[in-house]
Structures are given as structure tokens and as C-alpha cells.
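The values are calculated or read from the model by the stated rules, or taken from the named source; none is laboratory data. Not measured: the values here are computed from a predicted model. Note: ideal-geometry Cβ built from the backbone for every residue, glycine included; neighbour counts use all protein chains shown.
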Amino acid sequence: MQAEVTPAPKPKADQSAAISRQRAKGYNLHAGDKYYAFAFLGPSLLVLGTFVFYPMLRTLYLSLFLTDNVGRPTVFVGLKNYIGLLTSSAYQASLQATAIYVIAVVALTLILGLLLAQLAAKKLAGIQWFRTIFSATMGVSVSVAAIFWLFIFSPSIGLFDQIGSFLHLPIVAWLTQPGPAMTAVVISTVWMNLGFTFLILFGALQMVPQSLYEVSAIEGASESYQFFHVTIPMISPTLFFTSTVTLIGAFKSFGLIDLMTAGGPNNATNLLVYRVYQDAFLSGNYGLASAESVILAVIIALFTLLQFKFLEKRVTY
Amino acid sequence: MSIELNALGKAYTADEWVLQNVTAHIESGEFFAIVGPSGCGKSTLLRMIAGLIPISTGELQIDGKVATDLPPKDRQLTMVFQSYALFPFLSVTDNVAFGLKARKFPAKEIEERVTKAIKLVNLEEFKDRRPRDLSGGQRQRVALARAIASDAKVCLMDEPLSNLDAQLRIKMRTELRNLQQELGLTVIYVTHDQVEAMTMADHIMVLHDHKIQQIGTPLDIYNRPANTFVASFFGTPRMNLLPARVTADRELTLADTLKLALPKPVPVADYIVGIRPTSLYLVPQGKGDPNAQVKTVEYLGAQILLEAELSDGTPIELTADPDDVYRTGDWLSVGIDGNAYVFDHAGEVQFMVEGGRQHASRSHASAQA
Amino acid sequence: MKKQTVSHKVFAIVAGVLVVLAVVLGWTAFSHPSASAQSNGRIKVVFWHEMTGPAQQQLIKFSNEFNRSQKKYEVVPEFEGSYNEAVQKVINTHGTDASPAVFQSMDISTSQMHHTGYTTPVQKFIDADNYDVNKISAGARAFYANQGTQLSMPFNTSQPVLFYNATLLKKLGVTPPPVNPSYSDITRVATQVMQKSNKKVQGMSVEIYGWLFEEFMANSGTSFANNDDGHTSTPTASNLTGTSTVNTMKWLQTNVKDGVFANYGASGNALNNEIASFLSGRLAMFLQSSATTTQLTTGNKNKLGITYYPHPDGQKSNGVAIGGASLWISNDKSATVQRGSWDFIKFLMTAKSQAEWQAATGYLALNKDSQKQPALLNMYKKLPEAKVPGEQLAAAQPNNTNSGIFMQGLIQARNLTQTAMEQIYARSNIQKALQTAQTSLNGNIKNNNRANGY
């Protein structure tokens, strides 16, 4: 095909002009290409349509209805599901809890991940061992992590409170008080995230050419100046990637919440996504749950968009 | 600012010396090249001077002051890297200003110095571009401008031209040299390219095998190589190194083929004799007494490069007039008509035999062509 | 060019056909998983349950025994996860080959299951067989009946009870609570435990659990929802702010505030932590399902004490509703399969099966004749207290406030009452916390009734 449309060799300048013209217009489909296009796209369109687009539209549709006890949409209520949610204090509390959770998880994951990566990048004896340890949480499943942290946070037999009582510190009811419960869940999630984040950031740090640090050292930049003016900008594309992935992941956190607090106490850790699960799969309230899913999807899309708009500008080089 | 290297040494682990006993004096305003094959420790030496690698033994003085253990930023020098080490996320201007900002200079002074430096390297119209939008040569200039802006009088350069194409490299040699003279910089220049060193440097340090082989002016190094390594490292095509033995009172026989008359008698021993291809003459096939057979023929335009084998099988490189015709397998008659260097069996130079011509003259050979 | 176009078309058509073929083949392959439903000549009866541990083992044993006892049916037990998840699974698979013939569904799903119209009330088979239901505990039956019709067969049944560490109380010199304690009896014991142990032992724990909240109301004879807790007709509003409910919450709040009661929070972890503390002697008393008994006796050197669920001071206990789950028959299966399901249910309800069930799991034997079975007699010999939950169940006269709440959306309701309890434990205003829960609950009830056209 290409051979037919490519013009005979011409002077170089002319040819490159032709190519850039073609690029500007976009690739032209020829009659025969359309069949190819559909043949190749067909299977994936079919799969996407069945498993992505249809469920999305169906969710949107369901969110405008009350559903009966077998999940059929029966009464059209327009936006009332949404209005009801947004004006309910419980849902507002969920929004707030999600905001706190997401911000804390993203910030702590990135800061700690970067710290560990910086440490591991140091050429010290036995550092290989630490690198393995730091990235180890990647191989831990959510349920195992939950059991591990439940043991640590458990009242009366928990590791934290055992140590606390040994040191005569006041006992903290980690999972039965709203504030500490959020802290506990955030700590566990950050711990879970750390392995992956560490590995990615460590890889990014290794990719920064040594000569940049050498030139900075010679040009009079202190270590902290180098960190903020060389390291951070150099790994900013990776930071952007990890922050986006962590952010979306935090919005979708489910396993640890379900296993550790089940949204409690007093809905303090009842994140938006957990609410969707409760309303859809426990209460069978599909209309409401659909509305909640749509709100969650919009929020995630919004955040991702914002992130791309503001952060990506600063990281492209 | 002069620099004094006093018996510098570097070992990463005990008794494994990467560099040993490096002593040199570099004059203020001098262009000083460090040359050697890869792995000889020349970059290590440069980084030791820069302070990026700790010095194991010896003493470093910069401008008369001991700098052996000073951190890099306090050595009052700058460095230009082979990779240019530009910050990809900064514009040309900001790259040049990096060090000044890190050292917290007043904004006005930064601007003045940066503008001046960018102007010196002719990059005014590119000052807002990012490095990725520049050509290799332009990036190299940005790196230079950064070095210039810092106002340090010592500039270390680590193979700064290696990543450029051949033509640009030749152009940049002149530019670099001019800039160095104009600014009165003391430059320590690391390269593996002997031509660069020869064309740019005031003095050359030849490093090989973790040690200094020779320090001298380019002419010194070329005309009076201290040993077989230096002799064969400098000059293209490479000097031929032929095994020799004493065959008469004042005569050496090279590779059992060529005779070299000596101005004085020498002790009986094994010698190595170095002769540059340009110091050999040859007579085309059918004339003279054939003693070498052509193995490959390379046409270089201005001359022909021949790789041949002497009758005893020792390889030898020859240059020939481009108008003559040579074919693989031709038998030639080779003779000596230039300088020959006599080295002992360990490779240390003993003496030089000037114009060791025996029978035909060069003009004669040309006339025959 | 022309020739090429033709070959494109052919290529596209071939590719399209292949895709369609793959989809169709995939569909056929996956949509008939139980094509061999009658493989060995027996009719398959798929039984969905949500039991784990010893209870699951016992169910498998029952299924095998039933399969050996006759030749017509083959019961296939399948574990389906948590109670909550199973409800949705049953609803979502109804009418497909994947749906169960007989399934276990939890107490508070009763109204919802009934209203789906997906089940055949067991009353139909009781009438057909003249099955003697009087052998089965009345309190348990009442929970799963609506206006005289038995909807499902009560199966794994527990009672909320109070457990105490008798050995520990004796060591501390604290008189144990009476068998049918009032709130102040519990306060007294808990306070003494605290004082005499120098605060080393927690006196009491009431898990933040909607079920316990409902049981407090039941035991004080207060309706949770109107229309007699839904037993006369579909509820239209809830009542969470009555005096006795407020007083109960006040009792809990005061004791939590004074440190006499410990707060173990909500969700499954709370139970695990309570048990861990209780077994390690750090917690003297707690309220839980009688189904926990086995867990509390195995490997516990201390003597276990069990009493009835506490009741408000100054009034007799009204009796508590049962907890657990019942067995339902799907109406999307053939009459034969449904008959097989019923036969299996009958098998599970025999005096012998029920006695073995209680001995193995701690759930109560519902067949009155089970008490004379060797399995139970042996157990009582070892642990006389194990009789207490059964006695509590037998002592209560079923009425409209102690036979469960016949209302849909009880899972959501429990979330609301649990949130209210959490707030109350955290010293919030009781009236306000309950009022908030009630308002939300009434909104849910209204929407639910609207969506279902009641």
C-alpha cells in the first residue's frame, strides 16, 4: 500500500515537506484500509463495548432510578439520588474522609517512597539487602497485610499497645476511635503502596546521570540544593506517574478498609468506594450505588485531569 | 592559577592502584592535555583534581594552596563533561546560571555574567531553548558558557568533543583554544584522541598503565617519545615497531630484513626499533631488491596506506604516493630514509638515528614514480 | 488496487466470522455448566450456604448422609461467602442454571427474600406432608413466618447471650450475674471487676452491632418499626427514639464513659478482639451470639458462664429474637427438585441432626426432641451452661416485638444504628444520634416502599 502512494524520490527538502503536510492532515484512510481497520479493531471494540461502555452507560441509567428488591429500576427519580447524597451529612462525611485519606496516602507514599529510594541509592555496604526489603511489600497481598496490621493495631493484644503499655503510655484504641482508625488505615495503605513506589522511584533515581550531580557539586550546590534543583526535577515525570497511580489507587482503596475497619468507626473510614460496595452488594440498593459510582468516577476524572493540567506542564522536558 | 600535582595516587582497595605517583606542574593559563587509552586512569585523575573522587595519597595544590581534601565547590574550578551534563528541564540561560544561583549571587550579577557568557559562545538566539532543542555542538557551547559564567580560572574538560561529529570536532578545537586564550583559562583537558592533544595543548601528559609515561610539548612527544607506548600512540599512521638485533659493530638488523647503521656501537642485546611509515621509502614491484609483500591497500586520497609483511613475516605499515599502483601480493623493496628510534627490550628509548638512509633517496623514489 | 480491495473485503469477512464464531462458541461452552445435572441418575439439588469452619464440615457431613439415605436426589453443598453477599447472589442468579435449589439466607433478609417472589414458602410442603411443626421451636419459626405462613425453615439459630469468665470472677471475689440479669446487675459486676482487679481487667463489652441494638429493643418489648415490626403489614416508619431505647443507650454510654465497659468497636474484628481478650483474661463479660460458645470453650481452661440477655431494670424481660439464618426453596426449579430440597430440609430438622448440629457448632437444636439425643446429653454433661441459650429461647413467648423485624433494607438499617451506637460511645448526644439514624432510616424505608410499589 505504502509503496503505491509514496511519490518517486524527489529532492530531500521537498520530500520532508510532503511528509510534514501529510502529518498535519492526519493519515488518510483508503478504501481498502477501512476493512483492515474494522477487522483489527473489531474484537477489541466488541470486548470494550461489552465490558466497559455498556456497564458505564448502564450505571448512568440506573443512577436515575430507585431500584426494587431484586435490583430492577422501577421509579424514575431524575437527579434525586444525587441530590439526596450530596445533601446527606453521612455522604459529606464520606467525601471528607476520602479527601483526608487520599491526600494523606498520596503525600506520605511519595515522601516516604522518595526517602527510601534516596537511602537505597546510597552506595553503602549491604544496601542490596535493604533494597529488597524496601520493595518487599509489593509481594504482599491485601489480606495478608490486613491481618498483619490488625495484629499490630488490635486493642489489648496488639503490638502497638503492648509496647505502649510496657512504656506506660496511654492505650490508643486504634481501630475503634475515628481519628486513630483513619491513621491506622492510612499507615497500612501507605505501607502497602511503598514497595511499588520505592521501586519505581529508585529506578528513576538510578536514571539520573551522575554527571549532573558532579557538575552541581563543582558549581557549588549543597546536597539539599541538589535534591530540590536536580533530583526532584529530573525524576518529576516519574513522580507525576506515581502520584497519579497512587491517587487513583487511593480513591479505589477497598480491601484494607473492608478488612480493617469496614468503614467504621462512625463512618470515619467509610470512603466513597466502600460506600458503593455497601449500598450495592450488601444492601442491594443499585440506584443509589450507581449514583455514588458516577460521583466517584467524576471526582477521579476531575482530579486526574487537574493533575495532568497542572503537574504535567511542569514535568515535561 | 597554577596547579601542582604532587605524587598523587588513587586506590579503591588496598594495593590496587588505579593511579600511582602522578606528579606534574601546570602553569597558569596553560592548556594541559591528559592523553591515554581508555582505562588508563585519565578521567580518574581529572575527577581527583575536581574533588569528585577522594585522593588516596599525595598532595594537590591549586594556586599555591593545598586543595587535597577541599570539597569540589571550594576548589575554584569548573568542569565540562563529555555528556555536557546539562539540566534537561532548564533553558540555556538557566543552565548557564545554575552555579551562580546555587552560590546565591545577586540577581543582577547573575544576569550580567550569564549574558556575557552566552554571547561569548554565540548562543544569544538560542538562550530560551531547552537542551533537547539544540544540536550537539550548541549543547557543548552551553556547557562551556556555564563554565565561563562561573568566572573560575581553572576549567577541567573531560573529553568534551568526543560526542561531536568529525567536522564539528575540528572546528570546535580551534574555538576552544581561542576561547581559552581569550579568557586566560587554565585548562586541563582529558582526551583519548592524540590528534586533539597534539593540536590544542601546550603540554601533554601521557598516561598508561596507571602511570605517567611522558610529559612534554606536542613536538617533544612526537619527536622524542620516551618509550614504545608513547611512540606508537602518537602519529597517524602508527609508528612501526620492529624487533632488532645487533649484526655488526655499528649495525642493527630489523626483522631479519632491514639494516640500520648506528652512529656508535651498542651492547649486544635485543632491541626494538621504531620507524614511522613516513620514514620508510619503497620501490615499486620489479625494481630494487624485494623484501616486503603487500597485504592490504588503502587509498586515503593524498596518500596510499599499505600494510605489508617483511620477508620474515613481521607486519609493517608503509605510505606510498597516490599515483602509484599497488596490488595485494606485490613484492616491494623497503628502505629506511627518516628517523629511527632505538628502544631497549623493555621499551625505554635509547637514542635516535637521524635520516637512517642507506641506499636510495626519497627524491629518487619519487622520480621513479 | 482493485484486486487488493477485494482481498481486504475477504479478509475482513473472514475475521468477522471468526470473531462471531469465537463468541458463540464461548457462550455455548460457558452457559451450560450443569448440563450433567442428572448424571448418575440422581436429581441434583444445589444447596448454597454461608457456613465456614466446623459448621461447614457438619453441613458436608449432613449432605453425604442424606445422599446415602435415599437414591433419588443428590445434594451438592456450595459455599457462597458472607451472608450479605449471598443475598445478592441468590437474587442475581435467579432464573438461570446457576441458581441454587435450596439456600441458606440470613435472618434480616427474610422480608426481602419473601418479597422477591423468587421462593416457594415451605408452608406449602408443611401442609402437603402434614409435617408436625410443633416439634420446631416456636420462637425460631415465628421469625421466618408472615401472617401464619411459614416462609422458610429456621436452621442455624442462635440467641444473644452474656458470657462471663466464671473462674476469673471467683478469683476476684465477685458474685456472678444472675441467670436473667438486669442492666444494673451487669453494671454491678462490671464495676466490681474493674475495682477489684485494679483496672487490669475490663468489666464488660457490648460490641457496636446493629443486632445487639435490635435485641435490646426486643427484650424491652419495643418495636423497631411500625405495623408491629412489620408483622401485620409493611412498615412505613421506624421508631428508634423511644424512652426505653434512650435509657438503654444511656446505660451503655455512662458505663463506657466511666471505663466500666470497654469499646471494641464494630465489624468482624471487634468479635475477634473480644474473644481474644476474653480468653486471655483481660475481659470479664461480653454480649455475643450463642454460636460463639464452641470457640469460647475449646482450649479455655477457665470456666465459662452464660446468662440470658440483660433486660432493663424494673420490667420483666420480653425475650429476645433469634439470630442466624433459615433455609429457602427457590421457585425457579422443577417441582421434583423443590421436593428434593424439602426432603433435605426435613432431614436437617430431625431430632438427631439438630442435636449433632448444636454439639458441633453451638447453634441451637430447634427440634424439641433433640434434648434427649445422646449428642446433646454428652455436651451438657461437659458444659451445663450450654443449656442456657436454649432455655432462653424456650422461655420467651413469641410476640410481635421479639420475633424479628419483618422489613426490607435491614442491612442499611444496621449500618445506621451502628453509626448511632458509635456516636453514643463517643459521648455524642443520645437523642440526636438516634434521631439522625431514624430520619435516614425513614427516608430509606420510604424510597424502598416506593421502588417496590408497596
Among (1) touching a residue at least 24 places away in the same chain (Cβ under 8 Å); (2) on the phi < 0 side of the Ramachandran plot; (3) part of a strand (DSSP E or B), the one test that B:Ala7 misses: (2)
Every residue from the stretch B:54-75 that is at the interface with chain A (Cβ under 10 Å from one of its Cβ atoms) and either part of a loop (DSSP other than H, G, I, E, B) or surrounded by fewer than 18 Cβ atoms within 10 Å (Cβ to Cβ) (or both): B:Pro71, B:Asp74, B:Arg75
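Within the stretch A:62-121, can you find the residues that are polar (S, T, N, Q), surrounded by 19 or more Cβ atoms within 10 Å (Cβ to Cβ) and more than 14 Å from chain C (Cβ to nearest Cβ)?
A:Thr98, A:Thr109
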Residue within the stretch C:234-250 that is within 14 Å of chain A (Cβ to nearest Cβ) and part of a helix (DSSP H, G or I) present: no
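Could you tell me which residue of the stretch B:142-180 is nearest to B:Ile49 (Cα to Cα), considering only residues that are among the hydroxyl-bearing types (Ser, Thr, Tyr) and touching a Ser or Thr at 6+ places or on another chain (Cβ under 8 Å)? Quick ask: steps written out before the conclusion?
At the first step, the residues of the stretch B:142-180 found to be among the hydroxyl-bearing types (Ser, Thr, Tyr) are B:150, B:162, B:174.
Those left that are additionally touching a Ser or Thr at 6+ places or on another chain (Cβ under 8 Å): B:150, B:162.
On the way: B:Ser150: 17, B:Ser162: 21 Å.
Among those residues, the one meeting the criterion is B:Ser150.
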Qualifying residues in the stretch B:76-97 (those that are polar (S, T, N, Q) and assigned to a loop (DSSP other than H, G, I, E, B)) - the one modelled with the highest pLDDT: B:Ser91
Of the criteria (1) within 30 Å of B:Asp158 (Cα to Cα); (2) surrounded by 18 or more Cβ atoms within 10 Å (Cβ to Cβ); (3) within 28 Å of the chain's Cα centre (by Cα), which one A:Ser216 fails: (3)
Failed criterion for B:Gly137 (all others in (1) away from chain A (no Cβ under 13 Å); (2) closer than 29 Å to B:Ile62 by Cβ; (3) surrounded by 17 or more Cβ atoms within 10 Å (Cβ to Cβ) hold): (2)
Residue within the stretch A:125-136 that is under 18 Å from A:Gly263 (Cβ atoms), of a type outside the set (D, E, K, R) and surrounded by 14 or more Cβ atoms within 10 Å (Cβ to Cβ) present: no
Qualifying positions in the stretch B:260-295 - outside any loop (DSSP other than H, G, I, E, B), of a type outside the set (A, V, I, L, M) and more than 24 Å from B:Val230 (Cα to Cα): B:Gln293, B:Lys295
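If you go through the stretch C:415-450 one residue at a time, how many are hydroxyl-bearing (Ser, Thr, Tyr) and buried (at least 23 other Cβ atoms within 10 Å of the Cβ)?
Of the stretch C:415-450, the ones hydroxyl-bearing (Ser, Thr, Tyr) are C:417, C:419, C:425, C:428, C:436, C:439-440.
Narrowing the set further to residues that are buried (at least 23 other Cβ atoms within 10 Å of the Cβ) leaves C:417, C:419, C:425.
Selection size over the stretch C:415-450: 3.
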Check on C:Gln412, assigned to a helix (DSSP H, G or I) and within 20 Å of the chain's Cα centre (by Cα): yes
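Considering the stretch B:24-53 alone, what residues qualify as being in a loop (DSSP other than H, G, I, E, B), within 14 Å of another protein chain (Cβ to nearest Cβ) and of a type in the set (S, T, N, Q)?
If we filter the stretch B:24-53 for residues that are in a loop (DSSP other than H, G, I, E, B), which is where we start, we get B:27-30, B:36-41, B:51-53.
Of the ones still in play, those that are also within 14 Å of another protein chain (Cβ to nearest Cβ) are B:51-53.
Of everything in the stretch B:24-53, nothing turns out to be in a loop (DSSP other than H, G, I, E, B), within 14 Å of another protein chain (Cβ to nearest Cβ) and of a type in the set (S, T, N, Q).
Filter the stretch C:341-392 down to residues that are small (Gly, Ala, Ser) and surrounded by fewer than 20 Cβ atoms within 10 Å (Cβ to Cβ) and give me whichever is farthest from C:Asn219 (Cα to Cα).
Filtering first and then ranking leaves C:Ala375.
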Residue in the stretch B:154-164 that is modelled with pLDDT under 90, of a type in the set (S, T, N, Q), touching a helix residue (DSSP H, G or I) at 6+ places or on another chain (Cβ under 7 Å) and surrounded by fewer than 21 Cβ atoms within 10 Å (Cβ to Cβ) present: yes
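Residues checked against (1) more than 20 Å from C:Gln295 (Cα to Cα); (2) within 27 Å of the chain's Cα centre (by Cα); (3) in the same structural domain as C:Gln435 (by TED's automatic domain parsing):
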| residue | (1), (2), (3) |
| --- | --- |
| C:Leu168 | no, no, yes |
| C:Thr191 | yes, no, yes |
| C:Gly210 | yes, yes, yes |
| C:Asp229 | yes, yes, yes |
| C:Trp251 | yes, yes, yes |
Conditions (1) touching a Phe, Trp or Tyr at 6+ places or on another chain (Cβ under 7 Å); (2) at the interface with another protein chain (Cβ under 8 Å from one of its Cβ atoms); number of the one not met by B:Met79: (1)
Tally of residues being more than 18 Å from A:Ile300 (Cα to Cα) and surrounded by 20 or more Cβ atoms within 10 Å (Cβ to Cβ) across the stretch A:240-257: 2
Candidate set: the stretch C:270-286, residues that are aliphatic (A, V, I, L, M) and in a helix (DSSP H, G or I); chosen: the one nearest to the other protein chains (Cβ to nearest Cβ): C:Ala276
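Give the residues of the stretch B:296-314 that are assigned to a strand (DSSP E or B) and without any contact (Cβ under 8 Å) to a residue 40 or more places away in the chain, sorted by residue number. Explain how you work it out, then say what you get.
Just the residues of the stretch B:296-314 that are assigned to a strand (DSSP E or B), to begin with: B:296-299, B:304-310.
Once the filter is applied, which keeps residues that are assigned to a strand (DSSP E or B) and without any contact (Cβ under 8 Å) to a residue 40 or more places away in the chain, the stretch B:296-314 yields B:Thr296, B:Val297, B:Glu298, B:Tyr299, B:Ile304, B:Leu306, B:Glu307, B:Ala308, B:Glu309.
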Single match in A:Gly287, A:Gly263 (criterion: surrounded by 23 or more Cβ atoms within 10 Å (Cβ to Cβ) and outside any loop (DSSP other than H, G, I, E, B)): A:Gly287
Among residues of the stretch B:210-220, those that are within 19 Å of B:Ser38 (Cβ to Cβ) and touching a helix residue (DSSP H, G or I) at 6+ places or on another chain (Cβ under 8 Å), counted: 2
Within the stretch A:124-230, helices (runs of 4 or more DSSP H) holding 3 or more residues that are more than 13 Å from every other protein chain (Cβ to nearest Cβ): A:127-134, A:142-153, A:159-166, A:178-207
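Is it the case, given these coordinates, that C:Asn239 is crowded, with 18+ Cβ neighbours inside 10 Å, without any contact (Cβ under 8 Å) to a residue 24 or more places away in the chain and not acidic (Asp, Glu)? Spell out the reasoning first.
On the way: crowded, with 18+ Cβ neighbours inside 10 Å: yes; without any contact (Cβ under 8 Å) to a residue 24 or more places away in the chain: no; not acidic (Asp, Glu): yes.
Answer is no for this residue.
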Residues within the stretch C:251-269 that are out of contact with any helix residue (DSSP H, G or I) (no Cβ under 7 Å at 6 or more places or on another chain), of a type in the set (A, V, I, L, M, F, W, C) and either assigned to a helix (DSSP H, G or I) or on the phi > 0 side of the Ramachandran plot (or both), tallied: 0
Hits in the stretch C:328-340 (condition: in contact with a strand residue (DSSP E or B) (Cβ under 9 Å, 6 or more places away or on another chain) and surrounded by fewer than 24 Cβ atoms within 10 Å (Cβ to Cβ)): C:Ser330, C:Asn331, C:Lys333, C:Ser334, C:Thr336, C:Val337, C:Gln338, C:Arg339
Output for the stretch C:252-268, where each listed residue is surrounded by 23 or more Cβ atoms within 10 Å (Cβ to Cβ) and facing chain A (nearest Cβ under 7 Å): C:Asn263, C:Tyr264, C:Gly265, C:Ala266
